[in-house]
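Shown next, in structure tokens, is the structure this report addresses.
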Amino acid sequence: MSANEIRIPKQKRSIEKRTAIINASYDLFCEKGYYRTNTAEIAKAAGVSTGIVYSYFHDKKDILKEVVGLYIFRLEEQFRPIFCSTIDRGNIAVVIEKFIDLSIASHTMNADAHNEFLALALLNNDIQVLFNHFESRMLETLYEKLVAAGYLGDLLLERLRICYGIIEQLCHEHIRYKRNDAELSNMKSIDISTIVGLLDMAMG
């Protein structure tokens, strides 16, 4: 294997080593930050040598892409109940509230990862692309479910993007200002009403 050739793990032990490197990097990037973590620290945390790290990854940026991919996978798993649910005109408000609750949970349960990786996305186009693809997949899935429920219109996908932005803003405000339960409940009610109104404009 040449110096620049990356090993593709096939055996169980090799797969476990590569996975350990990704998981250790995830924890370190969240704890210390991407720029304050070096490869030697990653190797030590993963229980491998630095040489092993470089046999699976070109550099730390290469590891970062895998780590963000893991973070996005975990996000998708958190939202799976929505993706697997049935949406109809009778339960749309309930589905929106569930989506808001899952969004808040994903922001708070993974707060360190969320802050670190979104900040890196502003500086790294490859990371931004990963987040863009995640958002697109999520909105396209919701779009298909809404169309099946009778929501139509050329601007439906754009309305969904606006709705997603509203929910993201609610999550950020709740976390930043530490809204109490009553305040959060009022914020959710306003946003649910706004989103239902936006989607009702796309009724067939």
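Quick look at the values:
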item: Out of K188, K178, sole residue that is on the phi > 0 side of the Ramachandran plot and of a type outside the set (S, T, Y); result: K178
item: Region 170-195 - residue that is of a type in the set (A, V, I, L, M, F, W, C) and over 24 Å from the mean Cα position of the chain (by Cα) and, of those, most open to solvent (accessible area, probe 1.4 Å); result: I190
item: Residue within region 135-155 that is outside any helix (DSSP H, G or I), over 15 Å from the mean Cα position of the chain (by Cα) and of a type in the set (S, T, Y) present; result: yes
item: Residue among L130, L157 that is in contact (Cβ under 8 Å) with a residue 40 or more places away in the chain, over 15 Å from M203 (Cβ atoms), in contact with a helix residue (DSSP H, G or I) (Cβ under 6 Å, 6 or more places away or on another chain) and open to solvent by 20 Å² or more (accessible area, probe 1.4 Å); result: L130
item: Residue in region 101-121 that is farther than 19 Å from Q78 by Cβ, among the charged types (D, E, K, R) and out of contact with any Pro (no Cβ under 8 Å at 6 or more places or on another chain) present; result: no
item: Subset of region 70-101 (residues that are open to solvent by less than 30 Å² (accessible area, probe 1.4 Å) and more than 30 Å from L152 (Cα to Cα)); result: Y71
item: 1 or more residues in contact (Cβ under 8 Å) with a residue 24 or more places away in the chain, within 26 Å of C163 (Cα to Cα) and not hydrophobic (A, V, I, L, M, F, W, C): qualifying helices (runs of 4 or more DSSP H) within region 42-123; result: 60-83, 92-109, 111-121
item: Some residue of region 102-120 being open to solvent by less than 50 Å² (accessible area, probe 1.4 Å) and of a type in the set (S, T, Y); result: yes
item: Condition met for I167 (surrounded by 14 or more Cβ atoms within 10 Å (Cβ to Cβ), β-branched (V, I, T) and in a helix (DSSP H, G or I)); result: yes
item: Some residue of region 186-194 being in a helix (DSSP H, G or I) and modelled with pLDDT under 95; result: no
item: Residue among G33, G51 that is open to solvent by less than 60 Å² (accessible area, probe 1.4 Å), on the phi > 0 side of the Ramachandran plot, out of contact with any strand residue (DSSP E or B) (no Cβ under 8 Å at 6 or more places or on another chain) and not charged (D, E, K, R); result: G33
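Yes/no matrix, rows are residues, columns are (1) in contact (Cβ under 8 Å) with a residue 12 or more places away in the chain; (2) within 20 Å of P81 (Cα to Cα); (3) of a type in the set (A, V, I, L, M, F, W, C):
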residue: I166; (1), (2), (3): yes, no, yes
residue: Q169; (1), (2), (3): no, no, no
residue: T194; (1), (2), (3): yes, no, no
residue: L198; (1), (2), (3): yes, no, yes
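The values are calculated or read from the model by the stated rules, or taken from the named source; none is laboratory data. Computed from a predicted model, the values in this text were never measured in an experiment. Every residue, glycine among them, receives a Cβ derived from its backbone with ideal geometry; neighbour counts consider all protein chains shown. Keep in mind that these areas ignore ligands, DNA and RNA; they rest on the heavy atoms of the full protein, side chains included. Shrake-Rupley method; radii C 1.70, N 1.55, O 1.52, S 1.80 Å.
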